[in-house]
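> One structure, as structure tokens, below. Some questions next.
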Amino acid sequence: MSGYYFVTMAALVLTAFFISRARAGRLIKGGVGQLHSLPNYHGLFAASAVFVPMLVIYAVGAPLLERFAETQALSFFGTDAASDALHRNATLRDIQNLVAGQYTGTPADALLEAARTLKSTLWWGNALIYGVGVLAGLLAIGLSVGRVSAAFRARNHFERLVVVVLLLCAAVAVLTTIGIVFSVLYETIRFFFDPSLKGRPTVTEFLFGTEWNPQAAMRADQGDIKTAYGFIPLLTGTLLITLIAIVVAGPLGLFSAIYLSEYATGRFRAWAKPVLEILAGIPTVVLGFFAALTVAPLIRGWGAYFGLDVASESALAAGLVMGMMIIPFISSLSDDVINSVPQSLRDGAYAMGATKSETIKQVVLPAALPGIVSAFMLAISRAIGETMIVVMAAGLAANLTFNPLDAVTTITVQIKTILVGDQEFDSAKTLAAFALGFVLFFVTLVLNIIALTIVRRYREEYD
Amino acid sequence: MTDISASYAAPTRRVDVTSPAAQARIRARYRREKRFKLYGLVALSLAAVFVVVLIGDVLSRGLPAFWQYSLVLDVPVDAAAVSSDGKVDEASIRAADYYPLTRAALEAVFPGELTRSAQKQLVRLVSSDAAQPLRDKLVADPALVGTTVKTRLILSANSDLYYKGSGTPISSREMRGIATPSGTSGDITILTSANDFADVLVELKQRISEQAKALRAEADRLELFAGDSITAKVKALRDEAAKLQQRVDQPKVEEKLDNKMPSLLVAIDGGLVKINTLSDVSARGTVLLPLQSTADAKPGTWKLVTYETPESNRKVSDQEVAFLERLKELNHVERSFNWTFLTAGDSREPELAGIRGALVGTALTLLITLVLCLPIGVMAAIYLEEFARKGRLTDLIEVNINNLAAVPSIVFGLLGLAVFLNFFGMPRSAPLVGGITLGLLVLPTIIIAARAALKAVPPSIKEAALGVGASHQQAIFHHVLPLAMPGIMTGTIIGMAHALGETAPLLMIGMIAFIVDVPHGFTDAATVLPVQIYLWSDLPEVAFKSKTAAAIIVLLMFLFVMNGAAIWLRKRFERRW
Amino acid sequence: MHTMVDKHADAVVHAKVAVGLPTPKVSAKDVNVYYGEKRALQDVSVDIPDRGVMAFIGPSGCGKSTFLRCINRMNDTIPICRVTGKITIDDRDIYDPKLDVVQLRARVGMVFQKPNPFPKSIYENVAYGPRIHGLSHSKADLDEIVQSSLEKAGLWNEVKDRLNDSGTGMSGGQQQRLCIARAIAVNPEVILMDEPCSALDPIATARIEELIEQLRKNFCIIIVTHSMQQAARVSQRTAFFHLGSLVEEGVTTEIFTNPKDKRTQDYITGRFG
């Protein structure tokens, strides 16, 4: 059905374009100068005058019709089918299968009736949309073609529309943020406050609980395992791995940046920079593979040599590799800030007889400190939000520990574990993942905003 | 200014540079300088070493997976085996069960009586779909039915790995006496005229004694560290060592060989016997490859063969090693490029698994991403750079874009799950949803790159266009945008490379299912290359580790090509205004 | 390096000053400076006496700043820059490879065109030099150096109550005097000033000029300026640079009243520049 609609729409749009352009073209007698706008703009104006209303009619009409048809069809099943989401979806799927002729088994009378209603409602509805759309399109052609005249400012009208389209594109970014906030916040609120949800924790239990076990007991002999949604072990796990990563990447990234911006010759930089860029471009799933299959066994082997018990999914392995991942991140951000420290400050120190390293340590770094701090904050935010390395190299067990040789789990690992596979939106377990997602989004957002603000202030200071 | 003149009354002192103390100080300062510079070099080298080790590790694991060993055997294709209801056509050839044919062809290589377990292991040498090449051949040329076809048989992953060198070193030496086997199959005893076996027994005891020594040394070393678990470990090691030592201390007593020691075998009369019990006069053992006769073997015609890696430490049993070695001797083994890896979909069998499905899924997903985020990104950038009036709304959008660029990717997965799948009811696991999600993820990158590219076009160009009477939009779309295009393309390629390597958000929207078929449309269930890598890396089979690494090589190659293209574009069109 | 602090040499210098024979403190012979392929300075030779102000004047890009930066080897920080010829301070070649550039700069202070205090406290700015060169033996000692330097720079009364405030929070003129205090804290023999007043308003400029007048009693000051009035006010000797070469050098009053070269005449009478 939608196929016909769009084919007709395309035909009308093209018709409007060519008619208007031709009419405008005939207005040219002595030369283009008589027209305010070129014939093409008249055509474009008419085409958009058809396109926009027809698109709006479909975009509004189609979902409304679908909702209406479903309600009509479901009215055959009494009130309980309409209220309970699970039940409702199952019934709807049955009806749709029946309409599509893919229903297996013998349908009940109510189901047949519902399918018939759905089919006819959809048919009539679609016909209505089609009719209204075509009517609107023809009307638009009539009006816009009628307006073609030498004085008509078709270009200005069309350009105004273009600006609106450009603005809408820019607004996609805002819509994305709203979408993210909406999706995580809505489910998080349900997680904490939906009374129909079994096993939901209170906010305090979530924030301060020390046990995390979203998996309810499946069999009777596991009876003593209780579901618990204590966030603390995930927090400590995430922080432990992040800490290891920063301890690795902080000095390495910073010293790399210092060397590259202050000491390295042009030729050396031409070699060293691509190495860091390669490191930055390696997908995290590859780093995760390396962490799990090479680094973790290596650390375990060394641990065994010194008689230490190292978990096969130790926080250390994940943290080390994550640290390597964020080295280029820290170094490129620090490189930027170090380079934006004005040369006059360096000259001041050199003229005092300071050596290069003294100049860097005592003048350049203190001056670049805000920028470096924000680089570290962005790196921390990146490490907290990183998923694949920890999914592959860190564990699932929510141990409350600070021993880097133990297995810990992180926020992102738990989100992934809960949400991969079948899930329904009505269990506390699924919603817990969204609550974790909310925490993750909130923490990284705060870190990013602070860091970006610091960087902006810093830039303004030296510009 | 009185304070200036007043202060000159005070004596002044100059920087002291000649005294030994001053000289020492300056030397110390220069040492610090050198050390500081060294830190930077060390940091960079560590990063470089990491990159090299990472890539080296992936290459060394993954490159072998691009080659594949297979058997080349003559398989008699009996018309009855590939017909259905007495008819041979393409359908019946495709549907036929090739197991009996494969099995018969394999058994033909090993005449003589094999134990049941040996028969089972023989069949397991090849893949469960070993006859795939044969089937393809028959489909292409049905006239071959009824003849004997020389064809490839796909080896199982373990056999393949064995030929790739993950088996065992093998050594053999000729024996001096005349040996007499007691039978040609089953459990037999071999006697020898010289004291060959006595020498072997002495060597064996020597080996055990060395093992015991190594265990004791390890126990001594561990004792240096403290801890309860270590005490237990040390005790276990000492007990084990004591047990071994006991065996060594009785020199003449016969030895039972177990799977924790190197395997000893006797190659005699065209067969191979695995020694189970060794005394100084005889060896008792199981026949792995049947003997042709029980004839006495003269000195120099029979050998002692050693499989150095203990059986418990390898994936292939002694029986399988015997088969595989014999197949190699008979020139039935061939090494070829592993096309299966590039042309097949996913599979539970490592030797049959390929990345084609993932590649097609990736292409479909990235196409959606590109179609979505290139126009939107460029238009958004044009709006922000050229049309936005400075104000609240514009500030909001800008802050938004900068923040979105730093939001963890998994959060975009949550967005896709909650909004596209749950709210809009789009299909799970589909490239369509994956592409939209990734599109939103890389949109900020593209907007930022496009804005930078637009900003880099000097205002004089726009002014010139405006000067000849073009409208603002004409100036931008006719003059500024074309000049900014190389920069925008560079940014887009980098954004797409980012999307290509992204995994986490796609896991959230279910692109992680085990999908054998190659997807055909944007709404088919599909997976992408990074997710395929993740899926394979999680599987326990050793052969999949190698496949994973090979898939990583393919992924990295794509990334290198894309980034290389971006660099080339930048270099080619870089313009200094 | 030894001769620079050699007691004997010092005594000789003082003796010569006493009898009114200006011994050159800084002496340049055939100095050429190249930026890559481009020759920025050609065959500059000049003698600069101790205890006094020498002004370098000339149109923009004439090489006066470049030459100034040769005297404490600041040009070393520019990778493509190459210096040939000979520059001596107290008869010691400062481009001698054995000479240590860090110690050279402790003897030759520099004040820049734009005030560039470190983003640290006022106290730390002044204490920086004495600290890295080990000039003080105790905290009290350092306090004293800081105070006397600030006093000499005429800044003490203005900042004595806020020594721990950031040096970047002061007015431009104060910042520049802080930079001068920082330079004289190590008591250098030569102070190079690269258009020190170009970023300042007239009142702040007047204060700096007063300060230079005071400092010249104890230091050899070389100042680059694009203001001929300033050169006439503060200097005893003046050198005129044009297109990378030194055109004329002499007593300031001579140069301004009776220039020997036509180009100098054109410049000081405002025909170009």
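> Which of the GluC sites (Glu not before Pro) found in region B:174-226 are in a DSSP loop and have at most 16 neighbouring Cβ atoms, other than their own, within 10 Å?
Sparse-neighbourhood loop GluC sites (Glu not before Pro): B:E223.
> Roughly how large is the B-A contact in terms of buried accessible area, totalled over both chains, probe 1.4 Å, nearest 100 Å²? Don't jump to the answer; show the numbers that get you there.
Values: alone 31780 and 25860 Å², together 50450 Å².
Buried: approximately 7200 Å² between A and B.
> What does the average come to when, for each residue of peptide B:157-164, you count the partner chain Cβ atoms lying within 10 Å of its Cβ?
0
> Just how large is the dipole of the protein assembly as shown about the Cα centre, in debye to the nearest 20, putting +1 at every Lys and Arg Cβ and -1 at every Asp and Glu Cβ?
Taking the Cα centre of the protein assembly as shown as origin, the dipole is about 3800 debye.
> Once the other residues with Cβ under 15 Å from the Cβ of A:N399 are scored (Lys, Arg +1; Asp, Glu -1), what is the net sum?
That sum, taken over residues with Cβ under 15 Å, equals -4.
> Go through B:G56, B:V42, B:Y30 and say which Cα lies farthest out towards the positive end of the charge dipole of region B:18-63; charges sit on Cβ, +1 for Lys and Arg, -1 for Asp and Glu.
It is B:Y30.
> Can you list residues from other chains, or at least 5 along the same chain, whose modelled amide H is less than 5 Å from the amide H of C:L41?
The answer is C:V33.
> Could you tell me the center-to-center distance, by alpha carbons, between region B:182-198 and region B:450-493 in angstrom?
90
> Compute the Cα gyration tensor for chain B, then decide on rounded, prolate or oblate, letting a ≥ b ≥ c be the square roots of its eigenvalues: rounded whenever a/c is under 1.5, prolate when a/b is larger than b/c in the other cases, and oblate in all that remain.
Because a/c hits 1.5 or more and a/b fails to exceed b/c, chain B counts as oblate.
> So, by mean Cβ neighbours within 10 angstrom, what's the order for B:333-341, A:196-204 with the highest one leading?
Going from most to least packed, we get B:333-341, A:196-204.
> Given the C-alpha centroids of region B:293-368 and region B:258-292, what is the distance between them in whole angstrom?
24
> At 1.4 Å probe size, with no ligands or nucleic acids counted, give the accessible surface of B:L342 in Å², nearest ten.
Near enough 60 Å² of accessible area.
> Still on this structure, please answer the following. In percent, what relative contact order does region B:66-166 have, based on Cα pairs under 8 Å that are 6 or more apart in sequence?
43
> Report, to two decimal places, the Cα Rg of chain C normalised by 2.2 N^0.38 Å (N = number of residues). Could you put the intermediate results ahead of the total?
Working: Rg = 18.5 Å, N = 273, 2.2 N^0.38 = 18.5 Å.
Ratio of Rg to 2.2 N^0.38 Å for chain C: 1.00.
> How much accessible surface area, in Å² rounded to 10, belongs to the heavy atoms of A:L240 with a 1.4 Å probe?
10
> Work out the charge dipole of chain B with +1 on the Cβ of Lys and Arg and -1 on the Cβ of Asp and Glu about the Cα centre, then indicate which of B:L106, B:I448, B:T301 is farthest towards its positive end.
Most positive-ward Cα: B:I448.
> Could you tell me which trypsin sites (Lys or Arg not before Pro) in region B:219-254 are loop residues by DSSP with no more than 16 other beta carbons within 10 angstrom of their beta carbon?
Answer by residue number: B:K252.
> Counting alpha carbon pairs within less than 8 Å and at least 6 residues apart, what relative contact order, in whole percent, applies to chain A?
Once divided by the residue count of chain A, the mean separation gives 16 percent.
> Which whole number gives the average count of other chain Cβ atoms within 10 Å of the Cβ atoms across peptide B:29-36?
Values: counts 11, 4, 0, 4, 6, 2, 1, 11.
If you average over the peptide's residues, the count of other-chain Cβ atoms is 5.
> Also, I was wondering about something else. Rounding to the nearest 10 and keeping the result within 0 to 90°, find how far the Cα-based axis of helix B:196-222 lies from the longest principal axis of chain B.
Orientation of helix B:196-222: about 40 degrees from the principal axis.
> Of the heavy-atom accessible surface of region B:66-166 (probe 1.4 angstrom), what whole percent is carbon and sulfur?
51
> Just to confirm the number: angle between the C-alpha axis of helix A:85-100 and the first principal axis of chain A, 0 to 90 degrees, nearest 10?
It is inclined by approximately 50 degrees.
> Find the centroid of the Cα atoms in region A:165-219 and in region A:1-30, then give the distance between the two in whole Å.
Measuring centre to centre over Cα atoms gives 48 Å.
> Then there is this: Kindly identify region A:223-328 as rounded, prolate or oblate by the Cα gyration tensor criterion: order the square roots of the eigenvalues as a ≥ b ≥ c, call it rounded if a/c is under 1.5, otherwise compare a/b with b/c, prolate if a/b is larger, else oblate.
Working: a/c = 2.56, a/b = 2.00, b/c = 1.28.
Judged from the Cα gyration tensor, region A:223-328 comes out prolate (a/c at least 1.5, a/b above b/c).
> For a quick protection proxy, order the peptides A:249-255, A:260-266 by their average other-Cβ count within 10 Å, most packed first.
Highest-to-lowest ranking by the protection proxy: A:249-255, A:260-266.
> Taking H as built 1.01 Å from N, whose amide H comes closer than 5 Å to the amide H of B:V126, not counting residues under 5 places away?
Placed amide hydrogens put B:S156 under 5 Å from B:V126.
> Then there is this: Take C:H226, B:H472 and sort them by solvent-accessible surface of the protein heavy atoms, 1.4 Å probe, largest at the top.
The ordering from most to least exposed comes out as C:H226, B:H472.
> Is the C-alpha gyration tensor of the protein assembly as shown telling us rounded, prolate or oblate? Criteria: a/c under 1.5 is rounded; beyond that, a/b larger than b/c is prolate, otherwise oblate. Before the final figure, lay out each step's value.
Working: a/c = 2.37, a/b = 1.37, b/c = 1.72.
Oblate, since a/c reaches 1.5 and b/c is not below a/b.
> Could you work out the helix-only [θ] at 222 nm for chain C, with each DSSP H run of four or more residues adding -39,500 (n - 2.57) and the total divided by the number of residues, to the nearest 500 deg cm²/dmol?
-11000 deg cm²/dmol
> Moving to a separate point now. If you count, for every residue in C:114-123, the Cβ atoms of partner chains within 10 Å of its Cβ, what is the mean?
Mean number of neighbouring Cβ atoms from other chains: 4.
> Whole number in Å², please: accessible area per residue of chain C, 1.4 Å probe, ligands, DNA and RNA not counted.
Heavy-atom SASA per residue in chain C reads 41 Å².
> What percent do you get for the relative contact order of region B:356-576 when only Cα pairs under 8 Å and 6+ apart count?
Worked out over region B:356-576, it gives 31 percent.
> Related question: What are the trypsin sites (Lys or Arg not before Pro) within region C:67-120 that DSSP puts in a loop, where the Cβ has at most 12 other Cβ atoms within 10 Å? Walk me through the intermediate numbers first.
Numbers: sites: C:R69, C:R73, C:R82, C:K86, C:R92, C:K98, C:R105, C:R107, C:K120; in loops: C:R73, C:K98, C:K120.
Those that pass, being in a loop and sparsely packed, are C:K98.
> Shifting gears a bit: What lysines could a cross-link reach from B:K34, if we take a straight Cα to Cα line under 25 Å and drop same-chain neighbours fewer than 8 places away?
A:K273, A:K356, A:K361, C:K98
> Sticking with this one: Run the helix sum for chain B: -39,500 (n - 2.57) per DSSP H stretch of 4+ residues, divided by residue count, reported at 222 nm to the nearest 500 deg cm²/dmol.
-17500 deg cm²/dmol
> Pairing the Cα long axis of helix C:139-152 with the longest principal axis of chain C, what angle in degrees results, from 0 to 90 and rounded to the nearest 10?
50
> Leaving ligands, DNA and RNA out of it, report the carbon-plus-sulfur percent of the accessible area of region A:182-339 at a 1.4 Å probe.
Here it works out to 65 percent.
The values are calculated or read from the model by the stated rules, or taken from the named source; none is laboratory data. Owing to the predicted nature of the structure, the values given are computational and were not obtained by experimental measurement. Don't worry about glycine lacking a Cβ; one is built from the backbone with ideal geometry, like all the others, and counts go over all protein chains shown. To get the accessible areas, we keep the full protein, side chains included, count just its heavy atoms, and leave off ligands, DNA and RNA. Shrake-Rupley method; radii C 1.70, N 1.55, O 1.52, S 1.80 Å.
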